[in-house]
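Read the structure below first, then the notes.
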Amino acid sequence: MSSAKIRLFQPEDQEVARDLILSGLGEHFGYIDPSYNPDVDDIGANYVTAGQTFVVVERDGVLVGTGALLVHNEEVGQLVRMSVHQGQRRQGLGRALVSHLLQIARGRGLRKVIVETNNDWYDAIGLYERCGFVEYGRDEISVYMELEL
């Protein structure tokens, strides 16, 4: 992950982070409806001020990835808003993001981290499997995975 740095979200990251997340969703689904993702309209308020962890990946001064850890209770966290710019994929950034957020989860004393993704989003499912997550449920839309810490 040369010249890439994972750091906490800053207010000046808002526009690029939102665009990066929505762009990734658009690539997968073929369209973007921002109204389905109101939380990314104000990442500072919806994540940072709310006490959650939102990080970005910066490479050569350009924001190329995002990820967040939501803490549901003293034992369980959830990874959300994981996104890497299309031109930066397959370079270990997604895995580094997951690893970084899992380290934060361990530091907070969490015992389990969960993820939910669309059951046809094979690249995401593969990433989580490579990071040690195992499937614990599936429905017509989503796959649910967990990692015991």
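The values are calculated or read from the model by the stated rules, or taken from the named source; none is laboratory data. Please read all numbers here as calculations on a predicted model, not as lab measurements. As a convention, Cβ positions derive from the backbone with ideal geometry for all residues, glycine included, and neighbour counts pool all protein chains shown. Areas reflect the complete protein model, heavy atoms only, side chains present, ligands, DNA and RNA absent. Shrake-Rupley method; radii C 1.70, N 1.55, O 1.52, S 1.80 Å.
If only residues of segment 140-149 that are among the aliphatic types (A, V, I, L, M) and in a strand (DSSP E or B) are counted, the one that is farthest from I21 (Cα to Cα) is L147.
Residue by residue, here is whether (1) more than 19 Å from A68 (Cα to Cα); (2) open to solvent by 80 Å² or more (accessible area, probe 1.4 Å); (3) among the acidic types (D, E) holds:
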| position | (1), (2), (3) |
| --- | --- |
| K5 | no, yes, no |
| F9 | no, no, no |
| Q14 | no, no, no |
| L20 | no, no, no |
| S23 | no, no, no |
| F29 | yes, yes, no |
| D33 | yes, no, yes |
| D39 | no, no, yes |
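Residues of segment 103-149 that are more than 17 Å from N73 (Cα to Cα) and touching a Lys or Arg at 6+ places or on another chain (Cβ under 9 Å): N119, D123, L127, R130, C131, Y144.
For a quick check of your reading: which strands (runs of 3 or more DSSP E) sit entirely within segment 69-139 and have at least 1 residues that are in contact (Cβ under 8 Å) with a residue 60 or more places away in the chain and either closer than 18 Å to F9 by Cα or open to solvent by 30 Å² or more (accessible area, probe 1.4 Å) (or both)? Steps first, answer last, please.
Working: elements: 76-84, 112-118, 134-138.
Ranges flagged: 76-84, 112-118.
Inclusion of R95 among residues that are under 23 Å from S3 (Cβ atoms), within 14 Å of the chain's Cα centre (by Cα) and basic (K, R) is warranted. Within the bounds of segment 91-112, is there any residue that is at pLDDT below 95 and of a type in the set (S, T, N, Q)? Yes: one or more hits.
Checking the stated criteria, V56 turns out to be in contact (Cβ under 8 Å) with a residue 24 or more places away in the chain, among the hydrophobic types (A, V, I, L, M, F, W, C), open to solvent by less than 30 Å² (accessible area, probe 1.4 Å) and not in a helix (DSSP H, G or I).
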